[in-house]
Every structure is written in structure tokens, then in C-alpha cells.
Amino acid sequence: MSTDDRGDRAASFDRAAAVYQATRPGYPDEAVRWAVPAEARDVLDLAAGTGKLTQRLVALGWHVVAVEPSDAMRAELTAALPGVEARPGTAEHLDLPDASVDAVTIAQAWHWVDPPVASAEIARVLRPGGSVAPIWNVRDQEHDWVARWTEIVHRGDTLETSYRNPELGDAFTEPEHATFPWTQRLRAADLRTLAASRSHLILLPADQRDALLDEVDRLVATHPDLRGREWIEVPYRTECYRASLR
Ligand SMILES: C[S@@+](CC[C@H](N)C(=O)[O-])C[C@H]1O[C@@H](n2cnc3c(N)ncnc32)[C@H](O)[C@@H]1O
């Protein structure tokens, strides 16, 4: 079975909101402060998912509106952050007025959008001089166990979903880029749940998904850096881009 339809993959998170919320990483404050101007007041967290980035934006003092197309992901966000306004919508169609926010963040999701349409829609809702920040968490493949885990969860996956210099179009300045290394503390057993939150696995038939998840369990039980450990540190780099309206 192929899981390479970009639309199906982008929509797949609706089926796995709870495992996403349980194990996906958050974002380091240093990265968030770099991505969003301190003078911004109203921030749109686009493709907010379960609110992993939204939570940090709120904690750092911005007024945040979250937009997320999946009802299940949005329900997790609202349960975790009941004070945050969370709306349905997509990067290509935002139900927000023109010139209504100072900054837009879009974490772990630019690879799901239609770049020219999303850029134009983001430019529409930004106030003059406003900014946009596509952000990704990327696992550090220098660690042998991470490279092996990644090989398992991408087995049979033909879709390119890694981070890249986002094409924001002529409405925006050339994106600047910064990298922030950090680690997420996770129970070793949750490497299985983390794998189950990946769009490729969400869409696989149950028997194929279970076979890959069992491989993850085998890795946890046998790899010298994981075997016998209750807690581990998952090494990430947060890759941030930022650009302003011209
Ligand atoms: C990998 S999750 C990232 C969620 C959150 N930003 C985070 O960092 O944890 C990707 C999210 O993008 C959403 N999404 C998919 N296609 C989208 C689109 N065209 N516009 C906005 N959001 C989209 C999905 O529903 C999903 O919640």
C-alpha cells in the first residue's frame, strides 16, 4: 500500500491526535523568541495541531489565535489550552480579517501546504511589516539509535516531508535561518508511540503498521543506548526560518 498522497498524509493527523499530543516534541523558548518579534502583539499559530508551539507562544506572553483544520487535533489543543481561541481553517484559507495579526508561526507543517496560495493568504492576514516563521523539529541523525529509528519509521515512505528553505514568494523578504539544538526527555517505551504519530504509519494497514512498531520495540530492547533504560533523551534541532512582509 502506498501512503504517498500528500493530501491524505496532511489529513492523517486527525486519526492520531492523542498519540501526537502524548509524544511529539515541543519547541525551545530560545527558538520561539528568535522566530517571533518581541514587539509583536497578536500571533497566529497556523497548523497549530495539539498546541505544542501554541503553548510556548502563550507562556512567552503573546496573544495567540490558533488555526488548525483537524477537529481531533484542535480538541486536544482546547483541552490543554482552554483560554486560547482555536479556529478551524487551513493555510490556504484562513477565516481571519485582512491585516489582523503581527506574526504567523507554522510549525512542522509548511511541507503540507500549497506554498504560493499559503504565502498569499498569510500575507493577507498580516499587518504591514508583519512576519512569518516556518519551523521544524528535526531529529539528530548523528546518534546511531536515532538513525535506526528513522530508518524503521520511513520504511516504504516515498514522500519528502523534511524541512527546507520555505518558498514564501515575493511578498516576503528572503527567509533568515537559525538552528537550535535541544533534547526531549521521553520514556524509551514511548518511542513506539512517537512512531505511531507519524503520518506514514497512521495511514499504513494495521498489520504493516504493527510490524514496524514491533521493530521499534525490538530496537528499544536491543540497542546499547536504549536497552534497559526507562528514560532517554531524544536529540532534536529546531530549524527556524523567519521573513517579513516587504
Ligand atoms: C505535524 S502536525 C504539526 C502540529 C503543530 N504545529 C506542532 O508543531 O506540533 C501538522 C499539522 O498540520 C495540519 N495541516 C495539514 N495540512 C494543513 C494545511 N493545508 N493548512 C493548515 N494546517 C494543515 C495537520 O492537521 C496537523 O495538525
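The values are calculated or read from the model by the stated rules, or taken from the named source; none is laboratory data. Source: prediction; values computed, not measured. Backbone-built Cβ (ideal geometry, glycine too); neighbour counts: all protein chains shown.
Below, the figures for the structure above:
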item	result
Failed criterion for residue 36 (all others in (1) more than 21 Å from residue 175 (Cβ to Cβ); (2) touching an Asp or Glu at 6+ places or on another chain (Cβ under 9 Å) hold)	(1)
Residue satisfying all of: in the range 1-60; of a type in the set (D, E, K, R) and without any contact (Cβ under 8 Å) to a residue 40 or more places away in the chain; farthest from the ligand (Cβ to nearest atom) among these	33
Some residue of the range 175-195 being assigned to a loop (DSSP other than H, G, I, E, B) and crowded, with 17+ Cβ neighbours inside 10 Å	yes
Residue within the range 188-195 that is out of contact with any Phe, Trp or Tyr (no Cβ under 8 Å at 6 or more places or on another chain), within 15 Å of the ligand (Cβ to nearest atom) and among the polar types (S, T, N, Q) present	yes
Residue 222 being hydroxyl-bearing (Ser, Thr, Tyr) and in contact (Cβ under 8 Å) with a residue 40 or more places away in the chain	no
Yes/no for residue 123 being under 22 Å from residue 94 (Cα atoms) and in contact with a helix residue (DSSP H, G or I) (Cβ under 6 Å, 6 or more places away or on another chain)	no
Any chance residue 118 is within 13 Å of the ligand (Cβ to nearest atom), closer than 12 Å to residue 93 by Cα and modelled with pLDDT of 95 or more	yes
Selection within the range 61-78 - more than 10 Å from the ligand (Cβ to nearest atom) and either in a loop (DSSP other than H, G, I, E, B) or closer than 22 Å to residue 29 by Cβ (or both)	61, 62, 63, 64, 65
